[in-house]
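Contents: one structure, followed by commentary.
The values are calculated or read from the model by the stated rules, or taken from the named source; none is laboratory data. All values reported here derive from a predicted model rather than from experimental measurement. All Cβ positions, glycine included, derive from the backbone under ideal geometry; neighbour counts span all protein chains shown. Side chains included, ligands, DNA and RNA excluded: accessible areas come from the protein's heavy atoms. Shrake-Rupley method; radii C 1.70, N 1.55, O 1.52, S 1.80 Å.
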Amino acid sequence: MDQIWETLQQIGQDFVQNTGLAIVRAVAFLVLGLVIIRIVQVIARSATLKSSRLDKSASTFVVSIITVVLYVALVIVVVSSLGFSTAGIIAAFSAVALAIALALKDSLASLANGVIIIFTKPFKKGDYVCIGGMEGLVQDIRLFNTKILTYSNETIIVPNSEVLGSKLVNYSDMPLRRVVIDVPVPYSCDIDEVKAFLLESVRAYEYVVETPEPSVVLAEYGESTLKLSVRAWGTTEKYWDLYYDLREIILKALDKHGVEKPHNQLEVRMRGNAPQGRKDA
């Protein structure tokens, strides 16, 4: 009986000195690591949000990457403190990462493109863009896709791999945009007079900026009409107001000055005498 008791005491002493201390050390590393991760997250989030080079999406991505790296390092430290080989852990992480990469290669391509979009900033939230023929306002830029909203209130989710792989037009990138409206007028009109009153009407509109100056030029000789091109600049925010209002302003100016609306004309010429009809006897 005494021998059994001594054996149990020896086992308990070995547990406390070896396994018990390892468990306590692992728990201590875990608690300390969680506290450090939390502090680093707060510092990183504060630093990235204050940076003028990073927007909210980029700062969130940076904090997420730092958090994942710190958690992986914490797991390795905790498992190592329990006496396990870190080489096996790293090999296991590598195998899992490779399997995930092969299974999610398309998603990872979108993720990589999302990172490029976030940091290169070809567009930002609120911009009016055209991606692969789809136009709308950018609502959200995510790591895997971009959400745009059309003027018909339709939501379009575009994978980031398609965003950078398609033709991209950002209509909101520049502060000014130019409106070009083609105006057909008849050959019989006085071109200088028409150009003068159209230019005056365009300049009087409140959304037309003075620099660059608006202009009216003769753009094309048509088969039955002349084509004038009215060109005016305005702020990007007022582009659509400028576009549609100028069309109405131009039409009213033409009516006011009595310029007829041109229409296609066909000129027919007869050659020689018309054939005579057959006379009956």
Here the FRET efficiency for residue 174 versus residue 257, based on Cβ atoms and R0 = 35 Å and rounded to 0.05, is 0.55
Rounded to 0.05, the calculated FRET efficiency for the beta carbons of residue 41 and residue 190 at R₀ = 51 Å is 0.10
Filtering trypsin sites (Lys or Arg not before Pro) in region 154-239 by DSSP loop and by at most 14 other Cβ atoms within 10 Å leaves 167
Once phi for every residue in region 246-252 is put through the Karplus expression 6.51 cos²θ - 1.76 cosθ + 1.60 (θ = phi - 60°), the whole-Hz ³J(HN,Hα) values, with Gly and Pro written as x, are 5, 4, 5, 4, 5, 4, 5
So the carbon and sulfur contribution to the accessible area of region 125-218, 1.4 Å probe, in percent, is 48
In the structure shown, of 167/238; 50/125; 124/167; 167/227, the pairs separated by more than 22 angstrom at the C-alpha atoms are 167/238; 167/227
Once residue 240 and residue 154 are pulled to full extension, the length gained, defined as 0.36 nm per residue separation minus their Cα-Cα distance, is 29.1 nm
Compactness check, region 220-261: C-alpha Rg relative to the 2.2 N^0.38 Å globular estimate gives 1.41
